[in-house]
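The values are calculated or read from the model by the stated rules, or taken from the named source; none is laboratory data. None of these values were measured; they are calculated from a predicted model. Positions of Cβ are generated from backbone atoms using ideal geometry, with glycine treated the same way; all protein chains shown enter the neighbour counts. The protein model used for the area step is the full one, side chains on, heavy atoms only, and it has no ligands, DNA or RNA in it. Shrake-Rupley method; radii C 1.70, N 1.55, O 1.52, S 1.80 Å.
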Amino acid sequence: FDLDSAMARAALGLACAPPPRLRNDLLGLRCEVSGQGWKMLGDTMTDAEELTRSAAPGSVPWAQGMLAYNQGLMVAGRIPDLVNSIDQLRGVEAAPDAVGRMALTLLSAICMLDALGQITAATPLENQFAGLLGAQPDREPMAHFWWNILVGMRAPYAHDDAWNALRHSDAIQPIYDVIPTDRIFLNMQLFRGLNLWFLGALDAAASVLEAIVAADVTLGVASSLRRLGLAWLLADRGALDSARAVASELGEYGRAHGYALDEGRGRWVLAEVLRRMGDLDAAEREIQAALALAVPLEQPGVLGTLSALRLAQGRVAEAVAAAADAVARCMTMRGCGMFRGAFVRLVRAEALHAIGAHDAARHAIADARARLLAIADRIGDSTYKHSFLHGVPENARTLALARSWLGETASGT
């Protein structure tokens with residue numbers, strides 16, 4: 001993680017006018033380093049562009065260049081160029097020594113498409129990624145590492161399967177035992193902690209996330225996820241003052257460094273915490289800022305918080321409209337970032353009930369309950385199944401309202 005020194009030494013090598021192959025290796029190194037420290041991406045865009053033209057598709061330098069180039073396009077907001085660049089990855093076969101680098105490049109591209117709300121366009125790349133893997137993890141350990149990261153991150157929002165996500169997060173442990181690097185450890189713990197939270201194991205999740213502060217500055221675009229998840233789960237545990245402190249820290253960090261994603265996530269969860277604390281005016285300021293900054297994948301969740309805030313403010317018609325917008329976006333994208341789908345559907349049912357649309361509210365809560373039970377049916381551990389249904393606040397409330405409004409008890413609730 002000594003990124004500045006790595007960049008300086010690569011620059012020294014480039015200053016020696018190396019032959020083309022070595023030049024590509026050095027440019028690739030600079031691109032790889034910039035992917036870990038996003039503030040350097042602007043310095044390596046010309047390197048990345050050169051590699052995408054000069055290096056062989058599927059080679060190590062080409063994969064490194066494509067990774068940095070796509071990340072630079074994302075940061076610069078050049079979305080049409082980004083989508084076109086990602087399309088160049090489709091069908092490319094990795095060179096034998098480049099499987100791990102191509103795995104990371106595909107992972108990054110999938111994350112970017114998902115962030116843009118293009119989940120269905122990203123899934124074929126997930127299938128292409130699966131095709132990279134050999135039968136044995138020890139043959140391509142880094143490719144299997146990035147695969148487990150992908151499933152650990154993506155399964156909750158793209159496939160409604162937090163249980164599979166946790167299993168893949170845990171599957172990183174044997175890889176870390178063989179390759180004990182900070183990068184592998186921090187990623188493993190980050191997604192393990194988030195998936196434990198999604199499954200309602202709040203105490204275990206908090207313990208994991210609180211112990212990896214280094215993840216806040218060393219994991220590129222994923223660096224904001226620790227504080228986002230920690231702030232939210234602290235709020236779920238009722239530790240609202242601590243949640244507010246973590247959320248404020250994330251938002252301030254993003255603003256200070258010019259990272260719109262980090263600032264938007266911080267202000268979103270801060271709005272949620274302030275709403276729960278009853279400080280509705282402050283929550284209003286934060287949610288408006290979050291709406292302007294949120295990536296499409298997370299916009300339904302932000303709108304869910306807005307709807308809940310409108311309910312608390314007594315602006316019921318606006319709450320219904322915000323919740324309907326949130327659910328519609330979830331259905332269009334086929335997913336909802338940070339596993340907020342249950343929260344969004346609960347808020348919609350509550351808003352409909354508050355406005356007096358009781359039949360619509362009952363239909364909404366029945367649909368929300370059915371979705372929860374379908375997810376729970378995939379959970380292969382009874383303890384986690386119980387914590388998912390009863391330890392996640394929005395899930396527990398969905399089941400309680402379904403019992404109250406529908407006058408029945410569903411199997412497994």
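Some observations on this one:
- Think of the range 32-117 as a dipole: +1 on every Lys or Arg Cβ, -1 on every Asp or Glu Cβ, centred on the Cα centre; then among 46, 34, 62, 34 lies furthest on the positive end.
- Computed with a 1.4 Å probe on the full set of protein chains, the accessible area for residue 108 sits at about 20 Å².
- Derived scalar couplings between HN and Hα for the range 198-214 equal 4, 8, x, 8, 5, 5, 5, 4, 4, 4, 5, 5, 5, 8, 10, 4, 4 Hz in order, rounded to whole Hz, by the Karplus curve 6.51 cos²θ - 1.76 cosθ + 1.60 (θ = phi - 60°), x for Gly and Pro.
- Taking the longest Cα principal axis of the chain as reference, the axis of helix 99-115 is set at about 40 degrees.
- Full-extension gain in nm, residue 400 to residue 181, via 0.36 nm per residue minus C-alpha separation: 74.4 nm
- Taking θ as phi - 60° and the Karplus parameters 6.51, -1.76 and 1.60, the scalar couplings of the range 343-355 work out to 4, 4, 5, 5, 4, 4, 4, 5, 5, 4, 5, 5, 7 Hz in sequence order, x denoting glycine and proline.
- Cα shape, the chain, gyration tensor, a/c 1.5 rule: prolate
- Helical contribution to [θ] at 222 nm, DSSP H n ≥ 4, -39,500 (n - 2.57), averaged over the chain, rounded to 500: -25000 deg cm²/dmol
- Computed magnitude of the charge dipole of the chain (debye, nearest 20; Cβ of K, R +1, Cβ of D, E -1): 620 debye
- Excluding ligands, DNA and RNA, the accessible surface per residue across the chain is 40 Å² with a 1.4 Å probe.
- Computed over protein heavy atoms with a 1.4 angstrom probe, the accessible surface ordering of 59, 34, 242, largest first, is 242, 59, 34.
- Lys/Arg +1, Asp/Glu -1 at C-beta; the chain dipole; positive extreme among 18, 292, 355: 355
- Gained length - residue 328 relative to residue 282, 0.36 nm times residue gap less alpha-carbon distance: 13.8 nm
- The chain: angle of helix 240-257 to the longest principal axis, Cα-based, in degrees nearest 10: 40 degrees
- Nearest-ten-degree value, helix 41-54 long axis tilted from longest Cα axis of the chain: 60 degrees
- Apportionment of accessible area to carbon and sulfur, the chain, percent (1.4 Å): 53 percent
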